[in-house]
Amino acid sequence: GNGLMAGKRGLILGVANNRSIAWGIAKACAAQGAELALTYQGDALKKRVEPLAEELGAIVAGHCDVTDLESVDAVFETLRQKWGRLDFLVHAVAFSDKDELTGRYVETSRENFLRSMDISVYSLTAVAKRAEPLMTEGGSIVTLTYYGAEKVMPHYNVMGVAKAALEASVRYLAVDLGSNNIRVNAISAGPIKTLAASGIGDFRYILRWNEYNSPLKRVVTIDEVGDSALYLLSNLSRGVTGEVLHVDSGYHVVGMKAVDAPDI
Ligand code: NAD
């Protein structure tokens, strides 16, 4: 086939619906000739993911809940049997109890701290470990992070701490897997209205604030994140690993944000 991703096979974790960032990435990869496998978290999402997979001619590699490592093993076993090899992996998975994505970080419960770190951080390492033996011709792994890893953002709380650990994991994994020509990078996406984001307090305000203060004067779309992911997942970025690429309309470079934005 033709395209930047022709002949490449990739697993994409984190499609919940057609607003998911993972869906934006899946569409961009499929348009460039990639063969894809998607998973779903539980039966509730199965009926959403199946028609989306069909739209792209993707395999559905089954149920995958990263807190249940047997389900993760089963997905990789399915891919080993069906494909025998994997070229890329997208990790677009995160979770925190909604009740703790508001108010003060200091109130975070131990239970939600551990759960958030397990689902949003450890899972990247768990899937990288399982992908490595299948990436026999090298590979590219991309995860999704947010500026709340670098700077304190209102309401982001434990997710900010988790994203900081995720970005550090990207660097450690890049070193571990680099000698097998497997690259590991992150995209730091600007705020996008998705299912996960709807749990964050005052999210509409955050969107408007970003729109007003970013150099491009707008927020980014899942298709824009998808196109940037294409760079990191394809051979175009073959010299890049351990990197955090900001796809945020440039928001992170602005030092002095406006105090008063119109209409917010
Ligand atoms: P989303 O709700 O569409 O996707 C989140 C996904 O995580 C879902 O598919 C869900 O099934 C999956 N997930 C949660 N817990 C899981 C578990 N235990 N096992 C397996 N999967 C699980 O939302 P999204 O915004 O597309 O989120 C994707 C990634 O992008 C997340 O890492 C998020 O933190 C990150 N991100 C989002 C934004 C934003 O503003 N939306 C900005 C920067 C980074």
Within segment 30-47, which residues are touching a Gly at 6+ places or on another chain (Cβ under 7 Å) and part of a loop (DSSP other than H, G, I, E, B)? 32, 33, 34
Return the residues of segment 30-50 that are in contact with a Lys or Arg (Cβ under 8 Å, 6 or more places away or on another chain) and either away from the ligand (no atom under 11 Å from the Cβ) or farther than 24 Å from residue 77 by Cβ (or both); say none if nothing qualifies. 33, 34, 35, 36, 37
Count of segment 179-200 residues which are within 13 Å of the ligand (Cβ to nearest atom) and in a loop (DSSP other than H, G, I, E, B): 8
Closer than 14 Å to residue 14 by Cα and of a type in the set (Asp, Glu): which single residue out of 77, 107, 50 fits that description? 50
Within segment 207-223, of all residues that are in a helix (DSSP H, G or I) and in contact (Cβ under 8 Å) with a residue 60 or more places away in the chain, the one nearest to the ligand (Cβ to nearest atom) is 222
Taking into account only those residues within segment 114-140 that are basic (Lys, Arg) and over 16 Å from residue 85 (Cβ atoms), which is surrounded by the most Cβ atoms within 10 Å (Cβ to Cβ)? 115
Filter segment 216-253 down to the residues that are hydroxyl-bearing (Ser, Thr, Tyr) and within 13 Å of the chain's Cα centre (by Cα) and list them by number. 228
Kindly list, by first and then second residue, each pair from a residue in segment 7-32 that is touching a residue at least 12 places away in the same chain (Cβ under 8 Å) and among the aromatic types (Phe, Trp, Tyr) to a residue that is assigned to a loop (DSSP other than H, G, I, E, B) and near the ligand (Cβ under 8 Å from one of its atoms), limited to pairs with Cβ atoms under 8 Å and residues at least 6 apart or on different chains. 23/15; 23/17
Need the failing condition index for residue 182 against (1) within 17 Å of residue 128 (Cα to Cα); (2) surrounded by fewer than 21 Cβ atoms within 10 Å (Cβ to Cβ); (3) among the aliphatic types (A, V, I, L, M), just the number. (2)
Of the residues in segment 55-99, how many are more than 21 Å from residue 174 (Cα to Cα), touching a residue at least 60 places away in the same chain (Cβ under 8 Å) and charged (D, E, K, R)? 1
Failed condition for residue 139, given (1) more than 13 Å from the ligand (Cβ to nearest atom); (2) more than 24 Å from residue 71 (Cα to Cα), with all others met? (2)
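Where a number appears in this text, it was derived from the coordinates with a stated rule and is not lab data. Remember, it's a predicted structure, so these values are computed and weren't measured experimentally. Every residue, glycine as well, gets a Cβ built from its backbone with ideal geometry; the counts of neighbours run over all protein chains shown.
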